[in-house]
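Below is one structure; the comments refer to it alone.
The values are calculated or read from the model by the stated rules, or taken from the named source; none is laboratory data. Being a predicted model, the structure only gives us computed values, none of them experimental. When we count neighbours, we look across all protein chains shown, and the Cβ atoms used for this are built from the backbone with ideal geometry, even at glycine.
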Amino acid sequence: MQFHHTTLPNGLEVVAELNNDAYSVAFGFYVKAGARDESGDVSGVSHFLEHMAFKGTERFSAEDVNRIFDEYGADYNAMTGEESTVFYSSVLPEYLPQTFELQSSILFPTLRQDDFDMEKKVILEEIGMYEDQPSSVAYDKAMQLHFSGHDLGQSILGTVASVSDLTSEQMRSYHQEHYRAGNIVLAVAGNTDWKTVLELAETHCGHWPAGISPRSTAAATHAAQTEFVVKDQCQQEQIIQLASAPSCTDPRRFAAELLTVIVGDDSNSRLYWELVDPGLVESAECGYYEFEGAGTYLTFLNGDPESTRENLETINRLYEAVNAEGITADELEQAKNKIATRIVLRSERPMGRLSSLGGNWLVRREYRSVEDDLATVRGVTLEDIRLLLKDFPLMQTTTVGVGPLDKLP
Amino acid sequence: MSQHVVKHATLSNGLTVLVETMPAVQSAAFSLLVNAGSVYDPPHQNGTTTALADWTARGAGNLNSRQLLAELDRLGIQGNESAGTQHMVFRASCLAANLPAALRLYGDIVRKPHLPAEEFEAVLSGVEHGLLAIEDEPRQKVMVELLRRCYPHPWGQPSEGTLEDLPNITPESVRNHFERCVKPDKAILGVAGNVTLETVLPVVESVFGDWTGSNNQAVPSGTVSPVREHLDHESTQTQIGVAYPGVAYADPEYYAAWAAVNVLSGGMSSRLFTEIREKRGLCYSVYATLNTLKDRGQVLCYAGTTSERAQETLDVLRAELVRLGDAIGQDELDRCKARAKSSLIMAQESSGSRASSLARNWYHLGRVVTLNEVRLEIEALTVQKVLDYVHKHPAQDFSILTIGPEALK
């Protein structure tokens, strides 16, 4: 593994972790443009824009884009989150130049009006699809409540109304503001050489407009709130609870990751033994999510509506016990081994390394090898967990339920 | 393309061991297929196998439930047990050095589960929660219900079980299922990763060598007639499932069938995506896939769309399926080949996916299928061969299942 980094004159950050033993090469453009960067009246524009990229440029029509990626057998897609839009491909090394040219060019799409109108229908279908998924509804609503008044509370997909009202002009101006080289990281992982990466970046990205668009990362304040979205047709009640946790630049994030594995992994965690193993619920999990300037513990519960209150009280007791007494050395050791294996297995494919490489550079301007991550995880102590819990105890601050309940029984 | 070495051996009790050596990875994975799947669920007790899968991991050999999961975590073994149609499936991934330990632990889970009576209620409750979760996800439910209708009983019954059968399942019936079906004869162990047959075989001998018996129950089969059915559900989208006959994996025309389905639904330049999503904006998600049992196969198609556009979606979908017989472009087949080439090469980066493929291929064909063989089969395809297949197995006799607010025509 060999790490390389450079910054092009226009500000584009280029990072690569190259490995000649890999069969493929993965590359991605990490754009610092997500739901939190949208002003209120363009909710959903980042995600819609991600779709519009695949509608092509002056040179490549929408059909060309789909066809050419398939001609080179590329495994490619894009995703939009609260903080970024990522376009990625995984290809055989001999097809890197052709797919790179296409992938890089679609970050600056033409935004033709007829494509825009057609794709709007697809986005509205996507919104409809998620409306029918209780866990998606719960997540969206929980983020909205927990970060109410803060830009992290903005929906990724937007609403039927906001997307319907969106114009291609609004999208164009959002694009001009955020798709600037200083806001973008190009990450490459796998089998190619640095000279090739540099040539491709300079040829296809060197002319991108320079500049960055600053993002406010003001702290959020959270008032405890509860809301139930009634869906009578559901058999079970899905609950999402959010609480404060370390942000993505906080070194305690590794401790937070270990803590949530110990408390709320899908197997052999405290929530698992308390609720899942006895067959009391379908799922009970706790995870850690990091953002710029904020982080969250996310508790997920899915089970019989009538036992929701009791199950949430059980979780509360369990969290209070952890906050007061911490965890055991044995639990910490098991969780370290579990996470270490996940890190190694994920890193075997260039695609797996790409997400770590690009994500780390986008938010922290930091390179972390697999060995770095393993060493950091190994180094977390019981004292680190204790200190974490002192500042970020496990809580159930914001609660959203989706299912038959209109309030806690 | 460099070749991984695949070797195999069959133990005297009938268990076949297949090992693919992957020098470039640090991991190893296995997939153990035991001839004890849901087709052997006793009549009116659909769900017996899935209950057994959950029960087996609740203590085995010298370890109770907690000790067992703790040991798996301590060794960084990511494993799971599940019910399939023909097989119970036991899978695990870990660092290559821990493969022997993983095989020993899973040897106990498969052969010496405690099946503790006091946990049976929790097992069934877990199965029930899983089934209720499917009820709340119509996208998943439509495909489960479509399979039930396009294959003869019991081949189409859900391996997850059925809510109405759950009350009939007793500890005795599940134990009995274990005693009758979980046997080494016809069992297949696929192993892939940084290991060799020479080092794996002695471990397998010591873990499974003295296991005896076979499951010789005959499973009835038959034919089904196409059905049209609608299930009412209050939702934004209507879920559409369409099935029609294809061929089995073992069929000489399998690769032509594979290509036909890929022209329809492989990659974003394929026909269903282009015609239904890109040109008409009817769906976010639309796909077709070839599903195969040992002696037959079905093409399964899915589309989810807001209810007022569902009729148009179904009409366009059917028309596209039928239109395939008119003509196929050389460029369309070339893109299928390019995508296959990439994915075959990239498959060499994942020990888990290779282990599963080895075992699955042995089940269907009774021999090792190398990636190179698959590559040659695909390269030998011509447009004429694919069209000949489509004419011999035209898209007709559709089984159509919809879930949503209103039935379609």
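Out of (1) free of Cβ contacts under 8 Å to residues at least 12 places away in the same chain; (2) crowded, with 16+ Cβ neighbours inside 10 Å, the odd one out for B:Val200 is which? Result: B:Val200 fails condition (1) only. Do we find a residue being assigned to a helix (DSSP H, G or I), of a type in the set (A, V, I, L, M, F, W, C) and more than 14 Å from every other protein chain (Cβ to nearest Cβ) anywhere in region B:119-142? The answer is no, given that none of the residues of region B:119-142 is assigned to a helix (DSSP H, G or I), of a type in the set (A, V, I, L, M, F, W, C) and more than 14 Å from every other protein chain (Cβ to nearest Cβ). One residue stands out among those in region A:86-124 that are acidic (Asp, Glu) and over 13 Å from A:His51 (Cα atoms): the one that is nearest to the chain's Cα centre (by Cα), which is A:Glu101. Given the conditions (1) surrounded by 22 or more Cβ atoms within 10 Å (Cβ to Cβ); (2) of a type outside the set (D, E, K, R); (3) within 14 Å of chain A (Cβ to nearest Cβ); (4) in contact (Cβ under 8 Å) with a residue 24 or more places away in the chain, and given that B:Leu163 satisfies all but one, which numbered condition is not satisfied? Going through the list (1) surrounded by 22 or more Cβ atoms within 10 Å (Cβ to Cβ); (2) of a type outside the set (D, E, K, R); (3) within 14 Å of chain A (Cβ to nearest Cβ); (4) in contact (Cβ under 8 Å) with a residue 24 or more places away in the chain, B:Leu163 breaks only (1).
Of all residues in region A:183-215, those satisfying the criterion of being closer than 16 Å to A:Gly34 by Cβ and out of contact with any Ser or Thr (no Cβ under 8 Å at 6 or more places or on another chain) are A:Ile184, A:Val185, A:Ile212, A:Ser213, A:Pro214, A:Arg215.
When the test is whether a residue is buried (at least 16 other Cβ atoms within 10 Å of the Cβ), on the phi > 0 side of the Ramachandran plot and outside the structural domain of B:Pro113 (by TED's automatic domain parsing), B:Gly193 passes it.
Here's the yes/no breakdown for (1) at pLDDT below 95; (2) under 24 Å from A:Gln133 (Cα atoms); (3) surrounded by fewer than 20 Cβ atoms within 10 Å (Cβ to Cβ); (4) β-branched (Val, Ile, Thr):
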residue	(1), (2), (3), (4)
B:Ala83	no, no, no, no
B:Ser93	no, no, no, no
B:Pro113	no, no, no, no
B:Pro116	no, no, yes, no
B:Leu146	no, yes, no, no
B:Gln157	no, no, no, no
B:Asn168	no, no, yes, no
B:Arg175	no, no, yes, no
B:Cys181	no, no, no, no
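Among the residues making up region B:280-326, those that are part of a loop (DSSP other than H, G, I, E, B) and within 14 Å of another protein chain (Cβ to nearest Cβ) are B:Arg280, B:Gly281, B:Leu282, B:Cys283, B:Tyr284. Residues that are surrounded by fewer than 20 Cβ atoms within 10 Å (Cβ to Cβ) and in contact (Cβ under 8 Å) with a residue 60 or more places away in the chain within region A:76-91 comprise just one, A:Gly81. Checking each residue in region B:328-363 for being crowded, with 18+ Cβ neighbours inside 10 Å, under 22 Å from B:Thr16 (Cα atoms), more than 9 Å from every other protein chain (Cβ to nearest Cβ) and not hydrophobic (A, V, I, L, M, F, W, C) picks out B:Arg354, B:Ser356, B:Ser357, B:Arg360, B:Asn361, B:Tyr363. Got at least one residue in region A:344-351 being closer than 19 Å to A:Asp265 by Cα, touching an Asp or Glu at 6+ places or on another chain (Cβ under 8 Å) and crowded, with 21+ Cβ neighbours inside 10 Å? No: region A:344-351 contains no residue that is closer than 19 Å to A:Asp265 by Cα, touching an Asp or Glu at 6+ places or on another chain (Cβ under 8 Å) and crowded, with 21+ Cβ neighbours inside 10 Å. Residues of region B:358-393 that are at pLDDT 95 or above and touching a strand residue (DSSP E or B) at 6+ places or on another chain (Cβ under 7 Å): B:Leu358, B:Ala359, B:Trp362, B:Tyr363, B:His393.
Quick check on B:Arg367: is it out of contact with any Gly (no Cβ under 7 Å at 6 or more places or on another chain) and charged (D, E, K, R)? It is true that B:Arg367 is out of contact with any Gly (no Cβ under 7 Å at 6 or more places or on another chain) and charged (D, E, K, R).
For region A:63-72, the criterion of being acidic (Asp, Glu) and touching a residue at least 60 places away in the same chain (Cβ under 8 Å) is met by none of the residues.
What are the residues in region B:27-43 that are closer than 18 Å to B:Leu358 by Cα and small (Gly, Ala, Ser), if any? Those that are closer than 18 Å to B:Leu358 by Cα and small (Gly, Ala, Ser): B:Ser27, B:Ala28, B:Ala29, B:Ser31. List every residue pair whose Cβ atoms lie under 7 Å apart, where the two residues are 6 or more positions apart in sequence or sit on different chains, the first residue falls within region A:243-254 and is outside the structural domain of A:Met143 (by TED's automatic domain parsing) and modelled with pLDDT of 95 or more, and the second residue, located anywhere, is buried (at least 18 other Cβ atoms within 10 Å of the Cβ) and among the aromatic types (Phe, Trp, Tyr). Final answer for the pair search is A:Ala243/A:Tyr297; A:Ser244/A:Phe392; A:Ala245/A:Tyr288; A:Ala245/A:Tyr297; A:Ala245/A:Phe392; A:Pro246/A:Phe392; A:Ser247/A:Phe291; A:Cys248/A:Phe291. Go through the residues of region A:183-203 one by one and say whether even a single one is in a helix (DSSP H, G or I), among the aliphatic types (A, V, I, L, M) and without any contact (Cβ under 8 Å) to a residue 40 or more places away in the chain. Looking for residues that are in a helix (DSSP H, G or I), among the aliphatic types (A, V, I, L, M) and without any contact (Cβ under 8 Å) to a residue 40 or more places away in the chain, one finds none in region A:183-203, hence no. Residue pairs whose Cβ atoms lie under 6 Å apart, separated by 6 or more positions or on different chains, with the first residue in region B:61-72 and more than 7 Å from chain A (Cβ to nearest Cβ) and touching a residue at least 40 places away in the same chain (Cβ under 8 Å) and the second part of a helix (DSSP H, G or I) and not polar (S, T, N, Q), are B:Gly61/B:Asp108.
Every residue, every condition in (1) assigned to a strand (DSSP E or B); (2) among the acidic types (Asp, Glu); (3) in contact with a strand residue (DSSP E or B) (Cβ under 9 Å, 6 or more places away or on another chain), yes or no:
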site	(1), (2), (3)
B:His8	yes, no, yes
B:Leu18	yes, no, yes
B:Ser31	yes, no, yes
B:Pro42	no, no, no
B:Gln45	no, no, no
B:Trp55	no, no, yes
B:Arg58	no, no, yes
B:Leu68	no, no, yes
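Quick check on region B:247-271: of everything there that is within 14 Å of chain A (Cβ to nearest Cβ) and within 23 Å of the chain's Cα centre (by Cα), which residue is surrounded by the fewest Cβ atoms within 10 Å (Cβ to Cβ)? Out of the qualifying residues, it is B:Ser265. For region B:162-173, the criterion of being among the β-branched types (Val, Ile, Thr), in contact with a Gly (Cβ under 9 Å, 6 or more places away or on another chain) and closer than 21 Å to B:Asn291 by Cβ is satisfied by at least one residue. With a requirement of 3 or more residues that are within 14 Å of chain B (Cβ to nearest Cβ) and under 30 Å from B:His4 (Cα atoms), the strands (runs of 3 or more DSSP E) lying completely within region A:1-110 that satisfy it span A:75-80, A:85-91. Of the strands (runs of 3 or more DSSP E) lying entirely inside region B:187-279, those containing at least 2 residues that are at pLDDT 95 or above and of a type in the set (Gly, Ala, Ser) are B:188-193, B:237-246.
Residues considered: A:Gln238, A:Gln233. Of these, the only one that is assigned to a loop (DSSP other than H, G, I, E, B) and within 14 Å of chain B (Cβ to nearest Cβ) is A:Gln233. When A:Gln170, A:Gln133 are checked against the criterion of being in the same structural domain as A:Leu92 (by TED's automatic domain parsing), farther than 30 Å from A:Leu102 by Cα and in contact with an Asp or Glu (Cβ under 9 Å, 6 or more places away or on another chain), A:Gln133 stands alone in meeting it.
Residues that are within 30 Å of A:Trp361 (Cβ to Cβ) and touching a helix residue (DSSP H, G or I) at 6+ places or on another chain (Cβ under 9 Å) occur in region A:269-285; there is at least one.
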